[in-house]
Structures are given as structure tokens and as C-alpha cells.
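Visitor: Here's a structure for you.
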Amino acid sequence: MIRVGIVGGSGYTGGELTRLLLQHPGVRVTQVTSGRHAGKPVSSRHPNLRKVCQLDFVSAARLEPADVLFLCLPHGQAIEQIDRFAALAPRLIDLSADFRLEDPAGYPRWYGREHSRPDLLGRFVYGIPERHREAMRSATWVSSAGCNATATILALAPLYDAGLVEPQATVVEAKVGSSEGGAEFSEATHHPERAGCVRSYQPTGHRHVGEMIQELSNGQPISIHFSATAVEMVRGVLVTCHAFLRDDLDEREIWRTYRAAYGTEPFIRLVKARDGIHRLPEPKLVTGTNYCDIGFDRDPHSRRLVVVAAIDNLMKGAAGQAVQAFNLMHGFDETTGLGFPGLHPI
């Protein structure tokens, strides 16, 4: 059994990781840390784990050696303690944004600050398994991708990899649920302000764009014009990507491109239905799962291709994807512990 510690386990992502890893046949969760909740049962913050998790939170100061540490700390905190974590565990999976970008020059642009440990960036494998599966098999450190970045990259990668779209013209609109903001309270998450909202909270300059450019550019200059809108759901990301084809490809050629890229991927579902209400991906149908559903619609009057992708931001956008990476790093089948197919209706 692989001994696993979860650092910063009181938030939504930490709760999802705890839930998944407690059910993993090759894992023993040894500790879950929380500064404010040390000494309290893990189930006091994650009531869905009653009678499932018998652990109490411990303070980070009491963190013990483990085989793997999952770091679920707020952005900027993992980097401050990275040497200590590396001394406690040979393998680290960081779910914050601290090590996602390979080029240190990207951090002032997208995060507004210099990167304090650029010497470590090359040690981290970027955490989308569909893009970096082989590197993960031998990795010791992985930096999990952002949720909006994951959905957008998976939606567009087959087109960019094949050079089928205009590299400067892609426009992406993301509809996101409230859990993307984390478990801390704010005016934006206060129920009278959040209920019923369709709020454009990041029309330009979203930090996840740095990840999108890194993963889709293939060494060429590209532009991704991204906006994010908060809507009234708890879990989920739906990205609607407007890409412009270089040539007049028909629908069959586009589907061949996606099937070639994703036909054997265990967590990519290509959605193609000609009738019914579920003709295109919908976040509700992937709630609690590690799936990314992808579909598209070809504009018959132009070269615009609309690609739609849906994920659960706490699963494929965070904890589920991190467990998928963990499986690859340790020689498990990458679907281990991630087989839940979702619910319908929900």
C-alpha cells in the first residue's frame, strides 16, 4: 500500500481527493492536514465521508514522511514550503498553480509576480495525462492543470496539433460553477449575490490562458481569447470554443481528427448525437466523474467550428485528474479508483 498524505485537506479539492483515495485499492491515506481544523474529524468538513473516513485533521507541523504528498494549498503556499515537502516524500503532486508554467517569464504576465523558484520548474510534469502520459510514468513531481485550462486544452488540442485552425483567432467562453471559487466565503459567494447569477467575472486576462498557450502552441505563436462567466451551478465547467478552420473541412474529417486523438482515451467521451436534448456536452452529466465530454458543431455558413467540452472542475479539473496522474506514476491502470460513470437524472 502506498502511503499518501494530503496537505491542505479541508477545502473542496482536498475533500474530493480524500474521498477518491480512501476507495483506492493501492493507497493508505495516512494524514490529512488543516491549520484551522487540526484535531477535528475530517468528516466534520466533509460530511459525505461520515463512517468512511476515521481520520482527524492534523496540523502541517505534524506532517510525517509518506510515499506521496498531494498538495492542495492555496496558490503561493506550496512554493514557500516545497523543500520541506520534498524532504518528506519522494513524490509530490501539486494541485495549485505554483509550478504549472514551464517558462518563468510567464508568471509576471499571468500571475503578477516573479517566480521565486524557477530552478524547480523543469522538475514538474504538467498534469494533463492525455498530453503527458509517458512523462508521468517516470515523473516524481507533477503539477496538476487548472480546471478551465484542462477543459479548453482537451477541447482544442486535436485541432491545434493537426494545424487545422487559425492560430490567432480562437475565442473561448467558459461557464463555471461556484465551487471553482473554493470553500472560503466572500461577497461573490454569498447566496443572495450568487443565486441566479450569470456574472462575467473574468472577461480578459484569466491566468489559465498561460497554460492554454503553453500546451497548444506547439512552438508557434498563438492567441487564445478567453472569458469566464459564473453561473448558477455548484460543480462544472462548460467551455464553448470558437475556432476558425484554415480549410473547408467537412464534419467527417473533423470527427476523424478527434477519434484519432481520443479514440482510446479512457476519460474522453466524444459526444455525437443528431437528436435529443443531450446532443452536446453538459456539465451535469459529468458531475462526480473524471470524464471530459467533447462535441462540436460546424457552422455551415463559414469556417467557424464550435467545440464544446464539459468537465467537473473538482474531478477532471482537480482531484480526479491528480489521481489519474498518481496512477500513472505508480504503475496502476490509470482508471483505478475513478470508475464512477455519473448519474442521470441528477
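The values are calculated or read from the model by the stated rules, or taken from the named source; none is laboratory data. Source: prediction; values computed, not measured. Don't worry about glycine lacking a Cβ; one is built from the backbone with ideal geometry, like all the others, and counts go over all protein chains shown.
Visitor: Can you tell me which of 335, 289, 264 is of a type in the set (S, T, N, Q), free of Cβ contacts under 8 Å to residues at least 24 places away in the same chain and either surrounded by fewer than 19 Cβ atoms within 10 Å (Cβ to Cβ) or not assigned by TED's automatic domain parsing to the domain that holds residue 19 (or both)?
Guide: Result: 264 is the single residue among 335, 289, 264 that is of a type in the set (S, T, N, Q), free of Cβ contacts under 8 Å to residues at least 24 places away in the same chain and either surrounded by fewer than 19 Cβ atoms within 10 Å (Cβ to Cβ) or not assigned by TED's automatic domain parsing to the domain that holds residue 19 (or both).
Visitor: What tally of residues in segment 205-252 results from selecting those that are out of contact with any Cys (no Cβ under 8 Å at 6 or more places or on another chain), in a loop (DSSP other than H, G, I, E, B) and more than 18 Å from residue 97 (Cβ to Cβ)?
Guide: Of the residues in segment 205-252, 16 are out of contact with any Cys (no Cβ under 8 Å at 6 or more places or on another chain), in a loop (DSSP other than H, G, I, E, B) and more than 18 Å from residue 97 (Cβ to Cβ).
Visitor: Continuing with this model, one more query. Does any residue in segment 80-91 that is within 15 Å of residue 66 (Cβ to Cβ) come within less than 6 Å, Cβ to Cβ, of a residue that is surrounded by fewer than 19 Cβ atoms within 10 Å (Cβ to Cβ) and not hydroxyl-bearing (Ser, Thr, Tyr) six or more places away or on a different chain, and which pairs are these?
Guide: As it stands, the answer is 88/65, since those pairs meet every condition given.
Visitor: In this structure, does residue 115 turn out to be without any contact (Cβ under 8 Å) to a residue 40 or more places away in the chain and crowded, with 18+ Cβ neighbours inside 10 Å?
Guide: Yes: the conditions hold for residue 115.
Visitor: Let me ask another. Give 284, 316 a once-over and let me know the one that is in contact with a strand residue (DSSP E or B) (Cβ under 8 Å, 6 or more places away or on another chain) and among the charged types (D, E, K, R).
Guide: 316
Visitor: Need pairs with beta-carbon distance below 6 Å; first residue in contact (Cβ under 8 Å) with a residue 24 or more places away in the chain and within segment 133-160, second of a type in the set (Phe, Trp, Tyr) and assigned to a loop (DSSP other than H, G, I, E, B); sequence gap 6+ or separate chains.
Guide: Between residues of segment 133-160 that are in contact (Cβ under 8 Å) with a residue 24 or more places away in the chain and residues that are of a type in the set (Phe, Trp, Tyr) and assigned to a loop (DSSP other than H, G, I, E, B), the close pairs are 143/99.
Visitor: Ok, one more. List, please: which pairs have Cβ atoms under 8 Å, are six or more places apart or on different chains, and start with a residue in segment 9-31 that is outside the structural domain of residue 181 (by TED's automatic domain parsing) and in a loop (DSSP other than H, G, I, E, B) and end with one that is of a type in the set (A, V, I, L, M, F, W, C) and modelled with pLDDT under 95?
Guide: 10/183; 11/183
Visitor: I need the full set of residues from segment 290-334 which are within 21 Å of residue 253 (Cα to Cα), small (Gly, Ala, Ser) and part of a strand (DSSP E or B), in order please.
Guide: 295, 309
Visitor: Scan segment 93-122 for residues that are of a type in the set (S, T, N, Q) and touching a Leu at 6+ places or on another chain (Cβ under 9 Å) and jot them down.
Guide: Passing the criteria: only 96.
Visitor: For segment 54-77, which positions are of a type in the set (S, T, N, Q) and either touching a residue at least 60 places away in the same chain (Cβ under 8 Å) or at positive phi (or both)?
Guide: 77 - this is the single residue of segment 54-77 that is of a type in the set (S, T, N, Q) and either touching a residue at least 60 places away in the same chain (Cβ under 8 Å) or at positive phi (or both).
To keep it simple, each residue is scored yes or no on (1) crowded, with 16+ Cβ neighbours inside 10 Å; (2) without any contact (Cβ under 8 Å) to a residue 24 or more places away in the chain; (3) β-branched (Val, Ile, Thr).
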position: 204; (1), (2), (3): no, yes, yes
position: 211; (1), (2), (3): yes, no, no
position: 216; (1), (2), (3): yes, no, no
position: 219; (1), (2), (3): no, yes, no
position: 231; (1), (2), (3): yes, no, yes
position: 237; (1), (2), (3): yes, no, yes
position: 245; (1), (2), (3): yes, no, no
position: 250; (1), (2), (3): no, no, no
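Visitor: Considering segment 32-58 alone, what residues qualify as being outside any helix (DSSP H, G or I) and either surrounded by 14 or more Cβ atoms within 10 Å (Cβ to Cβ) or acidic (Asp, Glu) (or both)?
Guide: Those that are outside any helix (DSSP H, G or I) and either surrounded by 14 or more Cβ atoms within 10 Å (Cβ to Cβ) or acidic (Asp, Glu) (or both): 32, 33, 34, 37, 38, 41, 46, 53, 55, 56, 57, 58.
Visitor: Hey, can you tell me all the residues within segment 219-266 that are acidic (Asp, Glu) and farther than 30 Å from residue 333 by Cα?
Guide: 232, 247, 248, 250, 251, 253
Visitor: Could you tell me whether any residue of segment 316-330 is farther than 16 Å from residue 157 by Cβ, aromatic (Phe, Trp, Tyr) and in contact (Cβ under 8 Å) with a residue 60 or more places away in the chain?
Guide: Looking through segment 316-330, at least one residue is farther than 16 Å from residue 157 by Cβ, aromatic (Phe, Trp, Tyr) and in contact (Cβ under 8 Å) with a residue 60 or more places away in the chain.
Visitor: Considering only segment 1-51, how many residues are more than 25 Å from the chain's Cα centre (by Cα) and not polar (S, T, N, Q)?
Guide: Within segment 1-51, residues that are more than 25 Å from the chain's Cα centre (by Cα) and not polar (S, T, N, Q) number 9.
Visitor: Okay, next question. So which residues in segment 68-110 are among the β-branched types (Val, Ile, Thr), part of a strand (DSSP E or B) and more than 19 Å from residue 147 (Cα to Cα), if there are any at all?
Guide: Of everything in segment 68-110, just one residue is among the β-branched types (Val, Ile, Thr), part of a strand (DSSP E or B) and more than 19 Å from residue 147 (Cα to Cα), namely 68.
Visitor: So residue 198 fits all but one of (1) exposed (fewer than 13 other Cβ atoms within 10 Å of the Cβ); (2) under 29 Å from residue 326 (Cβ atoms); what number is the exception?
Guide: With respect to (1) exposed (fewer than 13 other Cβ atoms within 10 Å of the Cβ); (2) under 29 Å from residue 326 (Cβ atoms), residue 198 is out only on (2).
Visitor: Looking at (1) out of contact with any strand residue (DSSP E or B) (no Cβ under 6 Å at 6 or more places or on another chain); (2) under 16 Å from residue 313 (Cβ atoms); (3) at pLDDT 95 or above, find the lone condition where residue 181 falls short.
Guide: So residue 181 meets the others, but not (3).
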